1. Out of curiosity, is Asp172 at pLDDT below 90 and surrounded by fewer than 18 Cβ atoms within 10 Å (Cβ to Cβ)?
2. State which residue is farthest from Glu147 (Cα to Cα) when the search covers only region 108-128 and only residues that are in contact with an Asp or Glu (Cβ under 9 Å, 6 or more places away or on another chain) and surrounded by fewer than 18 Cβ atoms within 10 Å (Cβ to Cβ).
3. Looking only at region 184-196, count every residue that is among the small types (Gly, Ala, Ser) and part of a strand (DSSP E or B) and tell me the total.
4. Might you check whether a residue that is under 23 Å from the mean Cα position of the chain (by Cα) and either assigned to a loop (DSSP other than H, G, I, E, B) or among the hydrophobic types (A, V, I, L, M, F, W, C) (or both) occurs anywhere in region 174-183?
5. Check off (1) more than 21 Å from the chain's Cα centre (by Cα); (2) at positive phi for His171 and give me the number that stays unchecked.
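The values are calculated or read from the model by the stated rules, or taken from the named source; none is laboratory data. Nothing here was measured: the structure is a model prediction, and the numbers come from that model. No Cβ is skipped: glycine too gets one built from the backbone with ideal geometry, and neighbour counts run over all protein chains shown.
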Amino acid sequence: MAGNRIKGITVEIGGDTTKLQTALKGVNTEIRNTQSQLKDVEKLLKLDPGDVLTFAGGQADEGQITCITSIRQRIGIHTFTNASVHEIGQTKQMTLFEAVELDFEKNLLYSITFGTSSVTITKIRIPVFNIGLNEKLDDTTYTVLEEQTLTTESFTFLGDYTKYGEFMDGHDGYWYGFSNEPNSSGDAKMVWIRISKKDYSFTERSWTLSKAKLSEVGTRAKDGSYPERNVKCCVRKGYLYVPSYDKKGVYKINTANSADLC
């Protein structure tokens with residue numbers, strides 16, 4: 001009865017297994033390829049907006065900024081490629097240079113720029129996820145949906161030629177801006193602003209951090225031929241993380257209570 005149920009199997013005692021080994025190698029190769037592609041899909045799904053769009057002023061051509069998408073995940077035969085923004089005006093390029101948040105589902109980019117006593121929030125619709133596939137980035141796809149300028153009293157980017165400061169997404173319903181000049185001794189001084197994403201209401205304050213020796217939170221150099229944005233801090237769960245001046249540690253500062261510093 002067993003012989004009637006088992007079909008298609010031939011057992012050869014002492015036979016040549018070369019064909020079987022070759023077939024098994026082929027199966028193993030296909031399994032590895034499938035696993036590799038699944039990992040690529042997983043990485044793509046976990047991409048953070050901060051990883052996807054990188055603005056590299058150092059790669060500018062004749063004062064223009066090159067926007068480079070850092071998506072290079074390969075799925076099957078499809079590969080995402082770089083996209084240049086040289087076809088849009090320099091003012092718009094500078095707005096992209098100051099991107100603080102990306103919404104991939106709605107193709108939205110939020111940018112925050114600073115003035116002497118103001119902060120400007122710009123909401124832009126651009127094909128952030130389709131760039132390099134079936135869309136291009138130029139004046140026909142770059143659409144300003146909203147622009148709001150806030151007049152500040154204490155917040156600004158400190159420094160003369162090099163401006164010290166950074167804007168970032170707090171992932172808590174607010175955008176944050178911080179500015180400080182690096183200090184190797186004494187107390188650290190910092191100005192900051194918190195902006196509501198809902199209605200653009202804001203709070204600004206200044207801190208004196210006792211005996212804290214901080215590196216700068218970030219820098220800007222936008223007046224030369226090669227604009228540069230250097231980010232050295234982040235905000236997570238209500239805390240600002242900034243490297244120490246000697247680069248040997250990181251300060252953790254509670255944005256709601258600057259005395260909570262370690």
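1. Working: at pLDDT below 90: no; surrounded by fewer than 18 Cβ atoms within 10 Å (Cβ to Cβ): yes.
Taking the combined requirement at face value, the residue does not satisfy it.
2. Here the residue is Pro127.
3. Residues of region 184-196 that are among the small types (Gly, Ala, Ser), as a first pass: 184-186, 188, 196.
Next cut, part of a strand (DSSP E or B) only: 188, 196.
So the answer is 2.
4. Here is the first cut: in region 174-183, the residues under 23 Å from the mean Cα position of the chain (by Cα) are 174-180.
Right, trim to either assigned to a loop (DSSP other than H, G, I, E, B) or among the hydrophobic types (A, V, I, L, M, F, W, C) (or both) and you get 175, 178.
Checked region 174-183: at least one residue is under 23 Å from the mean Cα position of the chain (by Cα) and either assigned to a loop (DSSP other than H, G, I, E, B) or among the hydrophobic types (A, V, I, L, M, F, W, C) (or both).
5. The single condition His171 does not satisfy is (1).
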